[in-house]
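Inspection log for the structure reproduced underneath, given as structure tokens.
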Amino acid sequence: MVSATGGTVRLHQTPTTVCPDAQPSQAAPRDTDADQPLEIACDESGHEGENLARAVTDVFAHASVGLDTQAATACIQEIRDRIRSPATEYKANHLLRAKHRAVLVWLLGPSGPMLGNARVHLTEKSYFVVARVVDLLLGEAAYQASSGLYQDPRNGAITDALYRDGERVFGADRWQAFLEYSNGLMRTRKPWRVAAPVDPFFHMVDLLRVAGGRHRVGEIMDLLWHTRARAEVFQQNLLENSTTTAPLDPLLPAIVQAVVHWGEGGYDVSIVHDEQSALTRTRIEQIRAVLARPQPHTPRRRSTGRLTGVRLVDSQSDPRVQVADFLAGVARRIASDELNHRSDPELADLLRPYVDASSIWGDDRSWTVLGPASSELERRAT
């Protein structure tokens, strides 16, 4: 998987924290007192909680911005001056309109204020579901508890094969059903219709292991078929512990990777984030715990700061968050278009320097366009 785990497009490859040079755009130099945490502004686009398989959007994007308030205010004003719309609130959709393309090109390009001062983490939702169900049922405990940040190296090839060939071998309808049952199995909050997700999930797995025959994906379904006891333990834990880390919420690994990026060199990081109901006190503590936990199968750890705090604000009250909102929105659209063969080469090329190499992405073709160049080199070497 491209992952918040791997410095490239596969969750099973070397974690980004090991290879800081894999990302072409590094965090901007700090201009604050060394004893003070670096405050970054964040926003997201495409967040639908743990609803991934039946989501309205197929990509989740989380942007982090290191601009100070003065620079962000100037950026917003420049956008207003260039667009000249009577709208009181500007969103990414304004920038994505054909008539405002020049403004978007300026914002992302070298003459704009964001290059080198912003980052975006992408998650391909279907791939995330596949990777998480494989790790939940076949992986070791350390990977199950990582909220999708790391994938057991032994399961990387399984995830890739299932994602790559599942729909072709099983057919679109059965593949979609598998994604939905997998999603239901792992949700910490169940829709009222899904009271006992273990039975329907394994019924579908049984159908697919027969349909897959001797194909690799059929063999994978057979492996999953023998994990029912683990799935039942997972469900029991959800019932008994309401604070269980959400295994499917892409917001958690995205925020962790933002702290890893901006905290490179040991800086402490604080976040001002657009209001987000998923960022409860419990979730924030879980993020801190993931950052403090030793990384599975990582031979050495890059010096990374702590997350000192998260402050939630209305995006309109902080120009830095507005800039993050712009980046998240346009990144999600550009990435989704590329994923669905609606490529815009100019915009994809402009977005590429911002994309975090640890993004969670499974589609090879689109990642060669969206992902950092060094990520592609690492992928070819594996």
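Read-outs throughout are calculated quantities, based only on the coordinates presented, and are distinct from any laboratory measurement. It should be emphasised that the depicted structure is a prediction, and the values quoted were computed from it without experimental measurement. Cβ coordinates were reconstructed from backbone atoms using ideal geometry, including for glycine residues, and neighbour counts include every protein chain displayed.
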Problem - Modelled FRET efficiency - R0 51 Å, Ala229 with Arg342, Cβ distances, 0.05 increments - result: 0.70
Fill in the blank from the handout: If Trp367, Trp225 are placed from fewest to most neighbouring beta carbons inside 10 Å, the sequence is Trp225, Trp367
Completion exercise
So the pair-distance distribution of region 52-181, from every Cα-Cα distance in 10 Å bins, comes to percents of 10, 29, 22, 20, 17, 1
Exercise for the section: Give, in nm to one decimal, the length gained when the segment between Glu240 and Leu115 is fully stretched (0.36 nm per residue of separation minus the Cα-Cα distance). Expected result: 40.4 nm
Exercise for the section: Take Ser64, Ser111 and order them by how many other Cβ atoms sit within 10 Å, fewest up front. Expected result: Ser111, Ser64
Completion exercise
If unit charges are put on Cβ atoms (+1 for Lys and Arg, -1 for Asp and Glu) and the dipole of region 125-240 is taken about its Cα centre, the option from Val198, Ser126, Asn237 lying farthest towards the positive end turns out to be Ser126
Exercise for the section: For region 125-240, take the alpha-carbon Rg, divide it by the Kirkwood Rh, and send me Rg/Rh. Expected result: 0.93
Problem - Extension reserve of the Thr57-Thr368 stretch, reckoned as 0.36 nm per residue once the Cα distance is removed - result: 109.8 nm
Exercise for the section: State whether region 250-366 is rounded, prolate or oblate according to the following rule on the C-alpha gyration tensor (a ≥ b ≥ c being the square roots of its eigenvalues): a/c under 1.5 gives rounded; otherwise a/b larger than b/c gives prolate, and the remaining case gives oblate. Expected result: oblate
Problem - Gain on full stretching of the segment that runs from Glu89 to Ser277 - 0.36 nm per residue minus C-alpha separation - result: 65.5 nm
Completion exercise
If R0 = 56 Å, then Ser317 and Asp206, at their Cβ-Cβ distance, give a FRET efficiency to the nearest 0.05 of 0.60
